[in-house]
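The values are calculated or read from the model by the stated rules, or taken from the named source; none is laboratory data. A quick note: this is a predicted structure, and the numbers were derived from the prediction, not measured. Here Cβ is always computed from backbone atoms with ideal geometry, including for glycine, and neighbour counts include all displayed protein chains.
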Amino acid sequence: MAVYEGARPRTITLPRRPRVAESPALERRRVRGAFRAGRRTNRLGLVLGAIVVAFMLAFFSLAQQVRVSATGLDIGRLELERQRLEDTAADVRSDLSRLGREPAIRKQGIDAGLGQLSDPLVLPAR
């Protein structure tokens, strides 16, 4: 069996890159591979993320506007209900005022079968 100098055993896996010994005298600048090759980074993920964030903010804003609109509608409905109750209270006060006067009381007494009072009796003092 012959042995050759520098021969390597065969591997089933993919061959590895040979290691290059770095000399301490040469300092190299670190440059990104994509920039060095003239390629730009893929910004599709950033654009899609920005679109998703923009839609989320738009939906949040829309939800807030719907809530404010619903609150305004409730306030308007309650103001109408309050005005109706105030009108009813004013009608009741007017009826009480009208029915509390002398002619109304006299008419109610006559309708109930009560007649007018006779002349008052005057009792002599002792």
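Computed quantities for the displayed model
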{"read-out": "Where a residue in the range 115-126 is within 20 Å of Ile105 (Cβ to Cβ) and its partner, wherever it lies, is surrounded by 10 or more Cβ atoms within 10 Å (Cβ to Cβ), with Cβ under 9 Å and at least six apart", "value": "Gly115/Gly109; Gln116/Arg106; Gln116/Gly109; Gln116/Ile110"}
{"read-out": "Only listed residue being in a helix (DSSP H, G or I), at pLDDT below 90 and not aromatic (Phe, Trp, Tyr), chosen from Arg98, Arg10, Arg28, Arg84", "value": "Arg98"}
{"read-out": "Close pairs (9 angstrom Cβ cut-off, 6 or more residues apart or separate chains): surrounded by 10 or more Cβ atoms within 10 Å (Cβ to Cβ) in the range 78-98, assigned to a helix (DSSP H, G or I) and among the aliphatic types (A, V, I, L, M) anywhere", "value": "Arg98/Ala104"}
